[in-house]
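Structure first, then comments.
No lab work stands behind these numbers, since they all come straight from the coordinates. Please read all numbers here as calculations on a predicted model, not as lab measurements. All Cβ positions, glycine included, derive from the backbone under ideal geometry; neighbour counts span all protein chains shown.
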Amino acid sequence: MVPEWILQNRYNGERACVWALGVCLYFLLFQKYPFRTKQAICNGRSRLPFSSSPDKEAYNTMKQCINGNEYRRPKLNSLQHLSWLQKINSLNDN
């Protein structure tokens, strides 16, 4: 659930998708979910217990994606051009 839905009862599909990708990345990096309650979602990433991650690029992407301000999240089509995702794609092609 995205913060804008909780707070304003509305959402943008692309921005919500980017949020969901950030939540998935968080789970992949830390093996736990970043939020447990609606209040935690609305409090935003500043209250998340971020620690260092072995994959700095994925970690930074995750932080951008779960930004509480939907207008500061990256565009969905810009994510496919990230260098760390390109590396994964090239491994899958082989």
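Listed by first and then second residue, the pairs with beta-carbon distance under 9 Å, at least 6 apart or on different chains, first residue in the stretch 4-25 and farther than 13 Å from residue 69 by Cβ and without any contact (Cβ under 8 Å) to a residue 60 or more places away in the chain, second surrounded by 14 or more Cβ atoms within 10 Å (Cβ to Cβ) and of a type in the set (S, T, N, Q), are 21/61; 25/61.
Scanning the stretch 9-30 for residues that are on the phi < 0 side of the Ramachandran plot and assigned to a loop (DSSP other than H, G, I, E, B) yields 10, 11, 12.
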